[in-house]
Amino acid sequence: MTESPSAPPLIQMLEHLSEGACLIDTHLKLQYWNHAAQRITGHASSDVLGGYCYDHLPHTDDVGRSVWTHNGSVMQAMQGKIVDSTVFSRHADGHRMHLDVHAIPIRDASGNVVSVIELFHEHPGPTRELEVIHDPTLKDPLTQLGTRKYLLQVLQSALADLVQHERPFGVLFMDLNDFQEFNGQHGTGVGDQMLKLIGQILLGSLRPLDTVGRWDGEEFVVVIRHAHEAQLRGLQARLHTLFSSAALTVKEQELHPQVSMGTTLALPSDTIEGLITRARHMALQRTRPGMEHLPLGWG
C-alpha cells in the first residue's frame, strides 16, 4: 500500500517500518499491507488486500498446526491481548520462513477490538554468522551455506568445547533422496533450485548459535549447540514438517523435497569422522519402512 498525504497517521507510521505490517479486521481479512511485508513475503499488496489472512499468511506453529485454528497470536489479539510469538510461514516462491510476530489489538472509542496490527520480521538465524564470511572456500556459492571446510572448523571447535568445558552439542545429517534421478528427470537447473530451497529452509529454522552447511553434493550438516536429546528430536520433527509442506513450482508442477535425516549427540570420545558417520547411518536407517522412530545414535 502506497502512503498518501491523507493517509491516517498510523498508516503513515507503519509504511516507514522495516518490519512487515498488516492490518487484519475481525473477519480475518487483510485491510493493509506495507512495503516491508511485500519484501519479506514476496506477496504484493494488490495480491493480498481484501483476502483472508489464512490464505495469504499460512502461519503454522513448530509442529505444523495452523495458528488460525489453534489460537495463534492474531486470534489472541482479537480477544484484547498483546502477543509475541514465532511462526513458520511460506514465501511466495515456495520456501518456508521462520518469523517473529507481534500482534496488537486496535480498539474503538468504546474499547471494542475492531482490528489487529500484525508486525513481523524474519527470525534471526545462522544467516548473520554466514554473512560475515568472506573466504570463498568457507561459503558454498549456490546455497550460501557454509562449506565442508567451514563445518570441519566448527565441529573441531565444538568437540574441544565438549571435552574441555562439557558443553554438549549434537549433529543433524540430511540427505536429499534420489537426487541424481531428480536431476535426470528435471534437469540440473531445477536441481540447483531444490538445493537452494533446502538451504533457505534450514537457515530459517535454526537458532543463531547453530551452524548449517553443505557437506557434499546433496548432503547437509547442522551443528546444534547446547543440545539435548529432546531438542534434537524436536528439531528433526519440525524440519520434517517444513520439508513436507515446501515445494518448487516448475511448469505448473509442485516438486516436494524428499529428505532423510539422522541426529546424534556428540560424545567426548568422538572424532569428527565418527560423529558424521553415525549421524549419516541414522539418516539411512530412517529411510527403511517402519524405522522412522529409531532412537538417537550413541555410537
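Since every read-out is calculated from the coordinates, none of them should be taken as a lab result. Here the structure is a predicted model, which means the values were calculated and not measured. Here the Cβ is made from the backbone with ideal geometry for all residues, glycine too, and neighbour counts use every protein chain on show.
Tabulated values for the structure
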{"quantity": "DSSP-defined beta bridges in the chain - what % are antiparallel, rounded to 5", "calculated": "95"}
{"quantity": "Those aspartates and glutamates that a straight Cα-Cα span of less than 13 Å connects to Lys81, excepting residues fewer than 8 apart in one chain", "calculated": "Glu118"}
{"quantity": "Inter-part distance where the range 198-276 and the range 48-111 are each reduced to a Cα centre, Å", "calculated": "25"}
{"quantity": "Relative contact order [Cα under 8 Å, 6+ residues apart], the chain, whole percent", "calculated": "15"}
{"quantity": "For the chain, built as a Gaussian network whose Cα springs stay under 10 Å, the top-fluctuating residue of Asp135, Asp55, Asp270", "calculated": "Asp135"}
{"quantity": "Rounded to the nearest 20 debye, dipole of the range 61-123 from Cβ charges on Lys, Arg, Asp, Glu", "calculated": "180"}
{"quantity": "Per-residue Cβ neighbour rank within 10 angstrom, fewest leading, Leu206, Leu232", "calculated": "Leu232, Leu206"}
{"quantity": "Between 0 and 90°, nearest 10: helix 148-165 axis offset from the chain longest Cα axis", "calculated": "80"}
{"quantity": "Which of His228, Leu17, Leu142, positive extreme of dipole for the chain (C-beta unit charges)", "calculated": "His228"}
{"quantity": "Dipole magnitude (debye, nearest 20) for the range 18-114, charges at Cβ of Lys, Arg, Asp, Glu", "calculated": "80"}
{"quantity": "Correct choice for Cα extents along the principal axes in Å that was computed from the model, options [x] 74, 57, 39; [y] 66, 47, 43; [z] 107, 39, 36", "calculated": "[y]"}
{"quantity": "Length gained when the stretch Gln258-Asp61 is fully extended (0.36 nm per residue, less Cα-Cα span)", "calculated": "68.8 nm"}
{"quantity": "Theoretical FRET efficiency, 1/(1+(r/R0)^6), r = Cβ-Cβ of Thr277 and Ile82, R0 45 Å, to 0.05", "calculated": "0.40"}
{"quantity": "Hz values of 3J(HN,Hα) by residue in the range 179-187 - Karplus curve (6.51, -1.76, 1.60), Gly and Pro given as x", "calculated": "6, 4, 5, 4, 4, x, 7, 10, x"}
{"quantity": "Two-site FRET efficiency, Thr137 against Asn183, from Cβ-Cβ distance with R₀ of 25 Å, rounded to 0.05", "calculated": "0.50"}
